[in-house]
Amino acid sequence: MQASFNDGLTARSAPVELIVEGERLTFDADGQAHVWSLADLQIEDLGERLRLSHPKIGDGRLTVDAAAWRASVGGVRAERRHRSRETRLVVGLAVAGLAIAAVVFIGVPAASGPLARATPPDIEKRMGRNFEGQLSLGFRRCNGEAGQTALATFGHRLQDAADTPFDIRVRAVQAPMANAFALPGGAVMVTDDLIDMAKTPDELSAVIAHEAAHVERRHVMQAVWRSLGLGLVLDAVVGGGSGAGQQAVLLAGSVADLRFSRSAEREADIRGQQLLEKGGLSSQGMAPFFQRIAAKGDGPNAAAVKELMSSHPDSLRRAHESAARAHPGAAAFTPAEWTAIKAACHKPKRTLERILKDPLGA
Ligand SMILES: [Zn+2]
């Protein structure tokens, strides 16, 4: 197979003939024989060409025709790599004490609690990174940096109060619904509409603390196991390559939709308030927020706030219960931080003049 070789030291590239035999790639360049093991090969996709590099040779690199490479070795290798990642994963789960057979025979719903608690945090973190990557396409991060910093700092305070191996990373995103949701691995997304809906710092901090409690109690992972089943969970963790990417897109669509059981919601309400109190913060914002959701009735807004409530009586009940548990305390955000958070997602108004000047809103 023809390729061109650059030694990484000079700008010059020389044509070389690649020979792939078993696990080795060999070629001669500048009168020197090179032997690269396929296992350590790093492959960068440049479209029609691939750039191959190897830790043994520093910045040196080969450029080959992608189709020719795949025809001879690529397909076989990709398949093998995918399999070995899955094997590692399954071994990891088994070591963690998961009985895969239990999922098949008992069914995921019954097993999802123990499964979630037994899922190694590193696996959940990896799954979270895949989810986040996909979600960032649909839920754009708001660009008010002062507001984002205030939210992130509050996330760290919750993390300090919580007992969790995950970084609680709170972020404001743009979405056509009032919602807050936690992803596997500790990311918490708060939508622009929900920020608009919150009347006080106490209300917003209560919603975020509720989501942080879902993360701490592994409810997110539990919902993933329950909703998606083993096959999709494996794909979500393995991510990219061999069709798993498409699965991940489907998952991204449904992750904002993951349902928690009523008992998990109640636990997250209670624990969320505790996390606030442990940090010396007010836990009084949860009740008024639920009351407002309940008061919205069956309107379109109510339907949109799905994670926070599953039915109106439930919202009212949760409002009463959280009011009974509430304690006064400091506000989670200073007035300046609150102003910044409220402005974090605001887009400039599209006046007629602006639209005529810039029809695509670029
Ligand atoms: Zn919840």
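Here are the numbers:
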quantity	calculated
Gain upon complete extension [LYS199, ARG317; 0.36 nm per residue less C-alpha separation]	40.4 nm
THR26-GLN174 pseudo-label distance in nm [points 7 Å out on the Cα-to-Cβ vector]	5.7
Computed lengthening from ALA336 to ALA118, 0.36 nm per intervening residue step minus Cα-Cα distance	74.3 nm
Diffusion coefficient, µm² s⁻¹, Stokes-Einstein with Kirkwood Rh over alpha-carbon pairs of segment 2-72 at 37 °C and 0.692 mPa s	269
R0 of 35 Å, Cβ-Cβ distance LEU9-SER72: FRET efficiency to nearest 0.05	0.80
Calculated FRET efficiency for the pair THR149/GLN42, C-beta based, R₀ 25 Å, to 0.05	0.10
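Every number in this text was worked out from the coordinates using simple rules, so none of it is lab data. As the structure is a computational prediction, the values presented were derived from the model and not from experiment. Note that we place each Cβ from the backbone using ideal geometry, even for glycine, and neighbour counts take in every protein chain shown.
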